[in-house]
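The values are calculated or read from the model by the stated rules, or taken from the named source; none is laboratory data. Quick caveat, the model's predicted, so the values are computed rather than measured. Counting neighbours? That spans all protein chains shown, and the Cβs are built from the backbone with ideal geometry, glycine included.
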Amino acid sequence: MNRNIKITILMDNNAEEGFASEHGISLWIETPEIRILFDTGQSRLFIDNARKLGISLEKTDVIVLSHGHYDHTGGLADILDIASKAQLILHPNAVLPRYSVYPGKTPRSIGMPDSALASIDRLKKDRTTWVIQARKIASDIGVTGAIPRETPYEDVGGPFFLDPEGKREDTLVDDQALWINTDEGLVICAGCCHSGLINTLNYIRRLNANSKIRLVIGGFHLVNASAERMERTLEALMKDPPEKLAPCHCTGERATEFLKEKMPKRILPCRAGTTWGQTRMALS
Ligand SMILES: [Fe+2]
Ligand SMILES: [Fe+2]
């Protein structure tokens, strides 16, 4: 990895000793040019982890929300209180109410919590950037905006709806990923990959003249994936394999074990407290 880029996992479903964990994700990305917080976990716990790591979230330049689910946006109000100059980047659909509706079960609200919605309302308009399409946020860093859904074997990964009755399907059009184009290839940060891991990687490759992928970090949302989807995902990955993958959050233990078994040299451990870049864990 480019020596000048450092990525730290501030929150994940699992944590290194001494760090808090919860079902959620938050990544901290530092380059000489910009400091980015990618997702905010489901609570303010990622802020405690950042303090333990000596990370100054006050200096955040940009907060990117991968999508509007609670486990990516729950700490937004807390970080906006701390990061008083940060620009917020999100898709307009991220603020919609949304639900998971399993047959025979009580619908569950899984959208952005009220505290996060209120914090966006309070933010001055010039601090919010609504993203629909891919755009650069620094010279070698961009967000995808909505990701084209092209593979026949990938779906959003669950019974997601825009209403508690389960009538209006939620296609998670707000789902986006972030890329950093380094000298050694693309580093990709994903929240939940509701657009599909392969759709996400293919789109980012296309946006970057088919550069090779150095590292993919994040939730791959394979937790409910069928055996067929897993096999076809693996097949697509192996066509032009990313050098390293760091699956976490909603990838699911079964899928992570599957990837480890099939691509043992390419899978990196990833949990709250893990850092890649200048210190601790080198990419080799
Ligand atoms: Fe999600
Ligand atoms: Fe998630």
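Here the helices (runs of 4 or more DSSP H) wholly within segment 49-127 that include at least 2 residues being among the β-branched types (Val, Ile, Thr) are 76-82.
Results for (1) away from ligand 2 (no atom under 16 Å from the Cβ); (2) modelled with pLDDT under 95, shown as yes or no for each residue.
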position	(1), (2)
Cys192	no, no
Ala209	yes, yes
Gly219	no, no
Asn224	no, yes
Pro241	yes, no
Arg254	yes, no
Arg266	yes, no
Ala272	no, no
Arg280	yes, yes
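Listed here are the residues, each with its yes/no results for (1) within 15 Å of Asp240 (Cα to Cα); (2) in contact with a Phe, Trp or Tyr (Cβ under 6 Å, 6 or more places away or on another chain).
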| position | (1), (2) |
| --- | --- |
| Lys136 | no, no |
| Leu162 | no, no |
| Gln176 | no, no |
| Thr182 | no, no |
| Leu197 | yes, yes |
| Leu201 | yes, no |
| Lys212 | yes, no |
| Val216 | yes, no |
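Within the option set Leu37, Leu96, Leu80, being closer than 25 Å to Val173 by Cα, at pLDDT 95 or above, of a type in the set (A, V, I, L, M, F, W, C) and surrounded by fewer than 19 Cβ atoms within 10 Å (Cβ to Cβ) holds for one residue only, Leu96. Of Ile63, Ile9, Ile25, Ile89, which residue is within 14 Å of ligand 1 (Cβ to nearest atom), under 13 Å from Gly191 (Cβ atoms) and surrounded by 17 or more Cβ atoms within 10 Å (Cβ to Cβ)? The match here is Ile25.
Please work out which residue is surrounded by the fewest Cβ atoms within 10 Å (Cβ to Cβ), limiting yourself to segment 246-268 and to residues that are within 16 Å of ligand 1 (Cβ to nearest atom), more than 12 Å from Leu234 (Cα to Cα) and of a type outside the set (Ser, Thr, Tyr).
Within segment 246-268, the first condition is being within 16 Å of ligand 1 (Cβ to nearest atom), and the residues that meet it are 247-252, 255.
Those left that are additionally more than 12 Å from Leu234 (Cα to Cα): 247-252.
Still in the list and also of a type outside the set (Ser, Thr, Tyr): 247-250, 252.
Values: Pro247: 26, Cys248: 24, His249: 30, Cys250: 26, Gly252: 19.
Applying the filter and picking the extreme gives Gly252.
Between Gly185, Gly218, Gly196, Gly158, the distinction of being over 26 Å from Leu80 (Cβ atoms) and buried (at least 23 other Cβ atoms within 10 Å of the Cβ) belongs to Gly196 only. Could you grab the pairs with beta carbons closer than 7 Å, sequence gap of 6+ or different chains, first residue in segment 70-85 and within 16 Å of ligand 1 (Cβ to nearest atom), second one assigned to a helix (DSSP H, G or I) and at pLDDT 95 or above? If the second residue must be assigned to a helix (DSSP H, G or I) and at pLDDT 95 or above, the pairs left are Thr73/Ala116; Gly74/Ala116; Gly75/Phe46; Gly75/Ile47; Leu76/Ala116; Leu76/Ser119. Could you tell me whether segment 39-47 includes any residue that is in contact with a Leu (Cβ under 7 Å, 6 or more places away or on another chain) and assigned to a helix (DSSP H, G or I)? For segment 39-47, residues in contact with a Leu (Cβ under 7 Å, 6 or more places away or on another chain) and assigned to a helix (DSSP H, G or I): present.
Could you check segment 161-193 and list, in sequence order, the residues that are farther than 30 Å from Lys105 by Cα, in a loop (DSSP other than H, G, I, E, B) and under 19 Å from the mean Cα position of the chain (by Cα)?
Quick first cut of segment 161-193, residues farther than 30 Å from Lys105 by Cα only: 177-189.
Now drop any that are not in a loop (DSSP other than H, G, I, E, B), which leaves 177, 183-184.
Scanning segment 161-193 gives a single hit, Ala177.
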